[in-house]
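Worksheet: one structure, shown below.
The values are calculated or read from the model by the stated rules, or taken from the named source; none is laboratory data. Predicted, not measured: the structure shown is a model, and the values here were computed from it. Cβ placement follows ideal geometry from the backbone for every residue including glycine, while neighbour counts extend to all protein chains displayed. Areas reflect the complete protein model, heavy atoms only, side chains present, ligands, DNA and RNA absent. Shrake-Rupley method; radii C 1.70, N 1.55, O 1.52, S 1.80 Å.
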Amino acid sequence: GENVGLHLPTLSVQEGDNSIINCAYSNSASDYFIWYKQESGKGPQFIIDIRSNMDKRQGQRVTVLLNKTVKHLSLQIAATQPGDSAVYFCAENIKGYSTLTFGKGTMLLVSP
Amino acid sequence: DSGVTQTPKHLITATGQRVTLRCSPRSGDLSVYWYQQSLDQGLQFLIQYYNGEERAKGNILERFSAQQFPDLHSELNLSSLELGDSALYFCASSSGQGRSPLHFGNGTRLTVT
């Protein structure tokens, strides 16, 4: 799969715009989802999570939407800032398992 | 700062050698996970320990092993190293109770020459 570095899907936005990063998951038994942000040279950093009994959850400047019908997850970042530039990963947890499976990352580039 | 500490930050070694990566979880976390991140494979789960016992195993090679000690720190041992083992190795921890996010360290970058 694709990941940090080369060949990542890339989203380029202007500072102040809203960003939407999408993720498709494959396992209908997944019931817990997390978004992570990874900056260069650092480990993945927790942003926000959502359980499958919810379809929306809001944090500070971020909103996660979950559509279980089409197995789709999105992360919305409001008023995107240059400091938001990073690779974003979604991760899913399958019910009954303790581990996280990570999706392909998306690189977000924010121009001043 | 996630509270997860990994050492060393960088490691350069030759093929055929053996290395040990170390991880200290967040205070109070009982579960430790190891992930490998390479350019062509993304973040791949290797192994999980919970309170000293192996809980789950992913695509971990037989040349790799891990353990979690009574003080909850963990070590990942990589032996008979090959060029393809060059990657970032991340440790993450969680409380291990119910649904809780994993908190990652900043990784060890392993370069095998």
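Within segment A:69-88, can one find any residue that is in a loop (DSSP other than H, G, I, E, B) and touching a His at 6+ places or on another chain (Cβ under 8 Å)? Checking segment A:69-88: not a single residue is in a loop (DSSP other than H, G, I, E, B) and touching a His at 6+ places or on another chain (Cβ under 8 Å).
Return a yes/no flag: does segment B:4-15 have any residue that is within 29 Å of A:Tyr32 (Cβ to Cβ) and either more than 9 Å from chain A (Cβ to nearest Cβ) or outside any loop (DSSP other than H, G, I, E, B) (or both). Yes, segment B:4-15 has at least one match. Scanning for something in contact with a helix residue (DSSP H, G or I) (Cβ under 7 Å, 6 or more places away or on another chain), farther than 30 Å from B:Arg55 by Cα and touching a residue at least 60 places away in the same chain (Cβ under 8 Å), does segment A:85-108 turn up at least one residue? Yes, there is a match, as at least one residue in segment A:85-108 is in contact with a helix residue (DSSP H, G or I) (Cβ under 7 Å, 6 or more places away or on another chain), farther than 30 Å from B:Arg55 by Cα and touching a residue at least 60 places away in the same chain (Cβ under 8 Å).
If you go through segment B:89-113 and keep only what is open to solvent by 30 Å² or more (accessible area, probe 1.4 Å), at the interface with chain A (Cβ under 7 Å from one of its Cβ atoms) and either in contact with a Ser or Thr (Cβ under 8 Å, 6 or more places away or on another chain) or modelled with pLDDT of 95 or more (or both), you end up with B:His103, B:Asn106. Do we have any residue at all in segment B:41-49 that's open to solvent by less than 10 Å² (accessible area, probe 1.4 Å) and away from chain A (no Cβ under 12 Å)? Looking through segment B:41-49, none of the residues is open to solvent by less than 10 Å² (accessible area, probe 1.4 Å) and away from chain A (no Cβ under 12 Å). Only one entry of A:Ala86, A:Ala29, A:Ala79, A:Ala91 meets the criterion of being more than 9 Å from chain B (Cβ to nearest Cβ), open to solvent by less than 60 Å² (accessible area, probe 1.4 Å) and within 23 Å of B:Phe104 (Cα to Cα), and that entry is A:Ala86. Just to be sure before I move on: is B:Leu76 in contact (Cβ under 8 Å) with a residue 40 or more places away in the chain, assigned to a loop (DSSP other than H, G, I, E, B) and open to solvent by less than 60 Å² (accessible area, probe 1.4 Å) in the structure I sent? No: the conditions fail for B:Leu76. So, in segment A:49-68, of the ones that are under 14 Å from the mean Cα position of the chain (by Cα) and part of a loop (DSSP other than H, G, I, E, B), which residue ends up farthest from the other protein chains (Cβ to nearest Cβ)? Among those that are under 14 Å from the mean Cα position of the chain (by Cα) and part of a loop (DSSP other than H, G, I, E, B), it is A:Arg61.
Looking at B:Thr113, B:Thr108, just one residue is among the polar types (S, T, N, Q) and touching a Pro at 6+ places or on another chain (Cβ under 7 Å), and that residue is B:Thr108. Among residues of segment A:66-79 that are under 14 Å from A:Ile21 (Cα atoms), those with a Cβ under 6 angstrom from a residue that is open to solvent by 60 Å² or more (accessible area, probe 1.4 Å) and among the aliphatic types (A, V, I, L, M), sequence gap 6+ or separate chain, pair up as A:His72/A:Ala24; A:Ser74/A:Ile20; A:Gln76/A:Ile20.
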